[in-house]
Amino acid sequence: MRRQSVHFFLFGMFVGLSLSGLILLSYTSWFRNQQMDELGGTDIGSLTPWLAPVVWEGTFDSIMVDSIFKQQNITIATTVFALGKYTRFLKDFLESAEEHYFVGFRVHYHLFTDQPKAVPEVKMGENHHLTVRRVPSLDRWQDISMGRMEILEKLIKNELANEADYIFCLDVDTKFYGRWGAESLGRLVGVIHPWFFDYPRDQFTYERRPESQAFIPAGEGDYYYTAAAFGGSLDDVHNLTKTCWEQLKIDAANSIEAIWHEESHLNKYFLYNKPSKLLSPEYLWRDIRISSGQVKNIRFSHVAKNNAEVRPNL
Ligand code: UD2
């Protein structure tokens, strides 16, 4: 009799625990779906496994964030390159930036071009300034894209130390559609690539040849980051650009070019130097599938372009 009641008690416990487990599981999954809904319907979430925030609409209070950074009286250096036919993207880039990018903060754009005369007149907002810097033309678009790492490394080391606190490095074939503000600031900031945010890791287009300095072995990697936008404190971005440029030079000496050029090296860098903040694909979407509905609040987007027509080579 006594034994029977013990069995009965244990059975009761088992049913009770299973039921609470089930309730907890369905609550967690409901909560996750709810969160995914609020965060634009993707499953990246709002925190990395190393506890860095992933910035989405709904994860921050813009008024509070602005007031915190305003007290620090900061300047944000912003670099953009427009060589050859890419000067055609400058008008939209600059005009839309002046509408949405760090409005109310001190911004200094450093625009690198081989044709200063082709830079359009765009009225700068209060405390926003633009400096045009001439660079030599190059015959290969890949060299223009990769060469940015060398120019950025020198710019930060030689000129920015006393004039800026943060830096963002942006592609020019882009346009702003919504607020990009102080919520994006951090020590080292990476942006999740809009084509791969919902892909499994084994489909990321990391460099897979061990001969390249950008090599990432199968089974490793956290996210696939874009090179169209990255930033952070001057020291951190200096280290990033310096490292990527050194790795690019070693590859060149070994006659190998990583699959996605400096973007492959940037992904390698972020694997071993984890960004302290990630920006969701809201901070770099793609005009080409702008209305796919996957990301609701598009702030900055890669414009559609005819590569064969705008690039100096194929
Ligand atoms: C991807 C990356 C880009 C870079 C490139 C390397 C995205 C959205 N962008 O873009 O950051 O890593 O792959 O393969 O993932 N440029 C000129 N003149 C030229 C060619 C390039 O000024 O003739 C500059 C310009 O600032 C441009 C940038 O280099 O935004 C990158 O070139 P791209 O936009 O043609 O590269 P893309 O679209 O393949």
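Can you find, among F204, G219, A252, the residue farthest towards the positive end of the dipole of the chain? Put +1 on the C-beta of Lys and Arg, -1 on that of Asp and Glu. The residue sitting farthest along the positive end of the dipole is G219.
Roughly what % antiparallel, to the nearest 5, for the DSSP beta bridges in the chain? Looking only at bridges with both residues in the chain, the antiparallel portion is about 30 percent. Separation of the alpha carbons by more than 32 angstrom is noted, of K85/K274; K70/K249; K277/K305; K91/K277; K242/K296, for K85/K274; K70/K249; K242/K296.
When only the Cβ of Lys, Arg, Asp and Glu is charged (+1, +1, -1, -1), the dipole of the chain relative to its Cα centre reaches about 480 debye. By DSSP, the beta bridges lying fully in the stretch 129-288 are antiparallel in about 70 percent of cases. Rounded to the nearest 500, the helix-only mean residue ellipticity at 222 nm of the chain stands at -11500 deg cm²/dmol, with each DSSP H run of n ≥ 4 adding -39,500 (n - 2.57).
Put the Cα centre of the stretch 240-313 next to the Cα centre of the stretch 153-184 and the gap is 15 Å.
Nonpolar atom fraction for the chain, defined as the carbon and sulfur part of the 1.4 Å probe accessible area, stands at 56 percent. Annotation for K91 and E246: the two label points, set 7 Å from Cα along the Cα-Cβ direction, are 4.4 nm apart.
Largest GNM mean-square fluctuation across S292, S264, S46, computed for the chain with C-alpha springs under 10 Å, falls on S292.
The W50 and E121 beta-carbon pair, evaluated with R₀ = 45 Å, returns a calculated FRET efficiency of approximately 0.50. Distance between the modelled labels on T131 and I68, one decimal in nanometres: 3.0 nm (7 Å Cα→Cβ projection). Subtracting the Cα-Cα distance of V310 and N297 from 0.36 nm times their residue separation leaves 1.8 nm of extension gain. Here's how it looks for L279: its modeled amide H is under 5 Å from those of V55, G190, V191, I192, which are all 5 or more places away or on a different chain. Using bins of 10 Å that start at zero, the share of Cα-Cα pairs per bin across the chain amounts to 5, 24, 33, 20, 7, 4, 3, 2, 1, 0, in whole %. Each Lys and Arg adds +1 at its Cβ and each Asp and Glu adds -1 at its Cβ; summed about the Cα centre, the stretch 188-267 shows a dipole of about 60 debye.
A Förster distance of 35 Å, applied to the separation of the beta-carbon atoms of I256 and N162, puts the FRET efficiency at 0.40. Dipole check for the stretch 232-314: with +1 at the C-beta of Lys and Arg, -1 at the C-beta of Asp and Glu, and the Cα centre as origin, the magnitude is about 320 Debye.
The values are calculated or read from the model by the stated rules, or taken from the named source; none is laboratory data. Nothing here was measured: the structure is a model prediction, and the numbers come from that model. No Cβ is skipped: glycine too gets one built from the backbone with ideal geometry, and neighbour counts run over all protein chains shown. Accessible surface areas use protein heavy atoms only, side chains included; no ligands, DNA or RNA. Shrake-Rupley method; radii C 1.70, N 1.55, O 1.52, S 1.80 Å.
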